[in-house]
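Undergrad: Sharing a structure below in structure tokens format, with a few things to ask.
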Amino acid sequence: MAHAEGQHHAAAHHPTAAGEHHVEGQQHPLGIYFKIWGLLFVLSTLSYLVDYFHIQGYLRWTLIIVFMLMKAGLIVAVFMHMLWERLAMVYAILLPPLLLLVLVWIGAGEADYTFFTRNTFFGPAQAATAPPAHPPAAKK
Amino acid sequence: MTQSAATGTGEALPLAPGLEGVVADWSSDQRAFKKVPWGKAMMWIFLLSDTFIFSSFLISYMTVRMGTTAPWPNPSEVFALTIGGQSIPLILIAIMTFVLISSSGTMVLAVNYGYRKDRVRTVIYLLLTAVLGATFVGMQAFEWTKLIMEGVRPWANPFGAAQFGSSFFMITGFHGTHVSIGVIFLIIVAIKVIRGDLDNEKPGFMTGRKGNYEIVETMGLYWHFVDLVWVFIFAFFYLW
């Protein structure tokens, strides 16, 4: 097997020796890149307009996340060629980041606790007597 | 060993598709990432680790923003610019976003022309990408200067919650560093291409491996990742 592997490498690095090189490289028609490029511009404009027209609340957050995930998906799938890679690599790269959701969960829990304690000890009732937790809090 | 003698050229066995292929690739007793150059697989693994770094920053930002009792500064107003006597919200950041997306577009063109061995076009698009990247960093420097002049510091700012400054400088600073390093490497790759190092298979510094146009794609992966991170920063820091 090692022998076969060696020959395979040799073929991949000598484009003149075999057509192998072109099979390995990511060669795609330019058209798809221009389409995705255009789509990314449209999606960026849309997400900017969310702010420009002052859309607030859950609609704002939903739109921001949707446009963000669509842009990220297009970049990874087409520009970074994930669409054409073998599943073994796609899963190896795209699944581990899901672990970050655990970190989000821990961070949110910790933040809720911090917010609760700050309100209890540095809240409006104590503002007159207790020194402010942060300098800018006094300036508001 | 008899099998390798029999096959000789390229892959010993046809690669299985789908989920069956995932299991076969990972248990194949060879390299797990088939049909991918070594350098590209390593770049992907580096980008995966970088994903965790940037995510840690963004999650810390979420935590301090949720935990503060002071009002969070409105990015729409903080990053507004007055153009022609009119205040346009977040306009600088929008322009930066378009500049970075354009640089991603020129990068895929460079990769494509690289595989076609079109040296001149590859270099033109690589340098165009570098110029757009440098433009982005320049605008970021302008943004930093503007905010520092207005009194934004990592420990305090005149607009609201103190954590705004630390999150801003940390996240955009780390991203800007990535863009700057990317610009330097784009120029290095462009020099290699125009000198013909990749056509002549000259090994690069720190390696004995022969040069080839796969390094343009590997460079592209890094560059698109920088764009990808900006998509998340734009959504979570500037728009939220």
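The values are calculated or read from the model by the stated rules, or taken from the named source; none is laboratory data. Predicted model, so just to flag it, every value in this text is computed and none were measured. Cβ atoms come from the backbone with ideal geometry, glycine included; neighbour counts cover every protein chain shown. Note: accessible area is taken over every heavy atom of the protein model, side chains too, but ligands, DNA and RNA are not part of it. Shrake-Rupley method; radii C 1.70, N 1.55, O 1.52, S 1.80 Å.
Undergrad: Of the residues in the range A:78-92, how many are within 7 Å of another protein chain (Cβ to nearest Cβ), open to solvent by less than 10 Å² (accessible area, probe 1.4 Å) and within 17 Å of B:THR218 (Cβ to Cβ)?
TA: Final tally of qualifying residues: 3.
Undergrad: Could you tell me whether B:ILE83 is over 27 Å from B:PHE185 (Cβ atoms) and open to solvent by less than 40 Å² (accessible area, probe 1.4 Å)?
TA: Answer is no for this residue.
Undergrad: B:PRO73: facing another protein chain (nearest Cβ under 10 Å) and open to solvent by 10 Å² or more (accessible area, probe 1.4 Å), yes or no?
TA: no
Undergrad: Also, I was wondering about something else. Quickly run through the range B:25-43 and pick out the residues that are open to solvent by 70 Å² or more (accessible area, probe 1.4 Å) and facing another protein chain (nearest Cβ under 7 Å).
TA: Of everything in the range B:25-43, those that are open to solvent by 70 Å² or more (accessible area, probe 1.4 Å) and facing another protein chain (nearest Cβ under 7 Å) turn out to be B:TRP26, B:GLN30, B:LYS35.
Undergrad: Could you please let me know if B:LEU128 is in a helix (DSSP H, G or I) and either more than 8 Å from chain A (Cβ to nearest Cβ) or open to solvent by 50 Å² or more (accessible area, probe 1.4 Å) (or both)?
TA: Answer is yes for this residue.
Undergrad: Can you pull out the residues in the range B:44-54 that are open to solvent by less than 20 Å² (accessible area, probe 1.4 Å) and either under 20 Å from B:ALA235 (Cβ atoms) or outside any helix (DSSP H, G or I) (or both)?
TA: Scanning the range B:44-54 gives B:LEU47, B:ASP50, B:PHE54.
Undergrad: Going through the range B:138-164 one residue at a time, which ones are within 26 Å of the chain's Cα centre (by Cα) and part of a loop (DSSP other than H, G, I, E, B)?
TA: The answer is B:PRO154, and nothing else.
Undergrad: Same structure again: Which number in (1) within 9 Å of chain A (Cβ to nearest Cβ); (2) open to solvent by less than 60 Å² (accessible area, probe 1.4 Å) marks the one condition that B:LEU100 misses?
TA: Going through the list (1) within 9 Å of chain A (Cβ to nearest Cβ); (2) open to solvent by less than 60 Å² (accessible area, probe 1.4 Å), B:LEU100 breaks only (1).
Undergrad: Follow-up. Among the residues of the range B:44-55, write down those that are of a type in the set (Ser, Thr, Tyr) and either facing chain A (nearest Cβ under 7 Å) or within 17 Å of A:TRP61 (Cβ to Cβ) (or both).
TA: Of everything in the range B:44-55, those that are of a type in the set (Ser, Thr, Tyr) and either facing chain A (nearest Cβ under 7 Å) or within 17 Å of A:TRP61 (Cβ to Cβ) (or both) turn out to be B:THR51, B:SER55.
Undergrad: Ok, one more. Only one residue in B:ILE181, B:ILE194 is away from chain A (no Cβ under 14 Å) and modelled with pLDDT of 95 or more, so which one is that?
TA: Exactly one residue qualifies, and that residue is B:ILE181.
Undergrad: So how many residues does the range B:210-222 have that are assigned to a helix (DSSP H, G or I) and either at the interface with another protein chain (Cβ under 7 Å from one of its Cβ atoms) or over 19 Å from A:LEU94 (Cβ atoms) (or both)?
TA: Result for the range B:210-222: 6.
Undergrad: Could you tell me whether the range B:217-226 includes any residue that is without any contact (Cβ under 8 Å) to a residue 24 or more places away in the chain and not basic (Lys, Arg)?
TA: No, the conditions are met nowhere in the range B:217-226.
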